[in-house]
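Here the structure is laid out as structure tokens; the discussion comes afterwards.
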Amino acid sequence: MLPPGIRVLERGWLSANNILLFDDGDATLIDSGYVTHAAQTVALVREALGPRRLTRLLNTHSHSDHIGGNAAVQRAFGCRIGVPHGIVDAVKTWDEDALLLSTTDQQGEAFHPDHALAPGDRMVMGGLEWQALPAPGHDMDALVFHAPDARGLISGDALWRNGFGILFADVIGAGGGIEAARATLEAIGRLSIDWVIPGHGAPFVEVDEALAAALARLRYFEEDGARMARNAIRACFTFTLLERRTMPLGSLPDHLARVALFRDANQRFLGLTPEALADWLVAELLRAGVVEIRENKLCAT
């Protein structure tokens, strides 16, 4: 399905996929995974590179699971780093609120961006010409990369095979995420695309089906904002538990009241006490089979 100059390192949570594009002796990497997986990212990239030289690392957006390995990759390979222009200042000052690190209780390692990527920028990667296009919604400064001649798209978290990333702007109160995500999906639908490399999950060719599923999910959130809030709380807490592996059940209400995303999503959409929110969350995660309770601790399965 993919052109020969592209290799996808499909990662599991907590990391986004790493996408390598080869041009003779040079290579470009798109997205670097989560900080706690940085050593693994470096090892995987080194093996995939072979004798080639990694010259560029580009980020689709600035969330922790996409930029967490940037510093380690730059140290290991000496590559230049490009980030979307809308978040350059936040990265340079390492503003953990703007980067949603403190908001979600996630980690990151500061790095220096060498240049900004703007919508409309063109670049050659993997022997193909790509254009950076705006993809607000999940992240309001996000970009996707489109190769019109090869009819391909690197979509980040703007489009997955079965959905898209959390609409943080609406969940935490800034607003505009649903409208932006709809505009992004409609814009993707107008592109010439036969295959997509998403930020999470395997590359896919079912482009029309993926767009239809994403738009249906968007309508589901539009009908009831509480659905969007519950989805964000489930996903972000699962991320936290996958990183920590365990959490005492008794500390869960305080955690949900302390972390801004959980607190704000609850206050804006659900109106539950921290204890009631914790009870709901535990029941949801047990039902989904992603946790179990051992010795009065919530444990990731």
Qualifying residue in region 176-186 (condition: closer than 30 Å to residue 255 by Cα, among the hydrophobic types (A, V, I, L, M, F, W, C) and either assigned by TED's automatic domain parsing to the domain that holds residue 200 or not in a helix (DSSP H, G or I) (or both)): yes
Test: residue in region 94-103 that is of a type in the set (S, T, N, Q), in contact with a Leu (Cβ under 7 Å, 6 or more places away or on another chain) and surrounded by 24 or more Cβ atoms within 10 Å (Cβ to Cβ): no
Scope region 14-35; condition on the phi < 0 side of the Ramachandran plot and loosely packed, with under 15 Cβ neighbours inside 10 Å; matching residues: 25
Set 201, 108, 165, 120: member being part of a loop (DSSP other than H, G, I, E, B), at pLDDT 95 or above, touching a Lys or Arg at 6+ places or on another chain (Cβ under 9 Å) and closer than 18 Å to residue 61 by Cβ: 201
Tally, over region 110-120, of residues that are crowded, with 18+ Cβ neighbours inside 10 Å and either outside the structural domain of residue 66 (by TED's automatic domain parsing) or farther than 19 Å from residue 6 by Cβ (or both): 2
Count of region 205-216 residues which are in contact with a Phe, Trp or Tyr (Cβ under 7 Å, 6 or more places away or on another chain) and surrounded by fewer than 19 Cβ atoms within 10 Å (Cβ to Cβ): 1
Qualifying residue in region 100-110 (condition: within 18 Å of residue 30 (Cβ to Cβ) and without any contact (Cβ under 8 Å) to a residue 24 or more places away in the chain): no
Near pairs, Cβ below 7 angstrom, 6+ apart or cross-chain, from region 263-285 (in a helix (DSSP H, G or I)) to any residue that is of a type in the set (Phe, Trp, Tyr): 281/237
Failed criterion for residue 251 (all others in (1) under 18 Å from residue 225 (Cβ atoms); (2) over 24 Å from the mean Cα position of the chain (by Cα) hold): (1)
Residue in region 86-105 that is at pLDDT 95 or above, part of a strand (DSSP E or B) and among the basic types (Lys, Arg) present: no
Hits in region 256-292 (condition: β-branched (Val, Ile, Thr) and within 17 Å of residue 103 (Cβ to Cβ)): 259
Flag if residue 159 is modelled with pLDDT of 95 or more, closer than 23 Å to residue 268 by Cβ and assigned by TED's automatic domain parsing to the domain that holds residue 21: no
Search result, residues across region 91-114 that are more than 17 Å from the chain's Cα centre (by Cα) and of a type outside the set (Ser, Thr, Tyr): 92, 94, 95, 110, 111, 112, 113, 114
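Matching residues to (1) assigned to a loop (DSSP other than H, G, I, E, B); (2) under 21 Å from residue 241 (Cα atoms); (3) assigned by TED's automatic domain parsing to the domain that holds residue 204:
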| position | (1), (2), (3) |
| --- | --- |
| 1 | yes, no, no |
| 21 | no, no, yes |
| 27 | no, no, yes |
| 33 | yes, yes, yes |
| 37 | no, yes, yes |
| 45 | no, no, yes |
| 51 | yes, no, yes |
Residue within region 219-232 that is exposed (fewer than 15 other Cβ atoms within 10 Å of the Cβ), touching a residue at least 60 places away in the same chain (Cβ under 8 Å) and within 29 Å of residue 276 (Cα to Cα) present: no
Residue check for residue 137: on the phi > 0 side of the Ramachandran plot and either part of a loop (DSSP other than H, G, I, E, B) or not assigned by TED's automatic domain parsing to the domain that holds residue 258 (or both): yes
Yes/no for residue 205 being touching a residue at least 40 places away in the same chain (Cβ under 8 Å) and either under 26 Å from residue 38 (Cβ atoms) or outside the structural domain of residue 186 (by TED's automatic domain parsing) (or both): no
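The values are calculated or read from the model by the stated rules, or taken from the named source; none is laboratory data. Every value quoted in this text rests on a predicted model; they were computed, and no experiment measured them. Note that we place each Cβ from the backbone using ideal geometry, even for glycine, and neighbour counts take in every protein chain shown.
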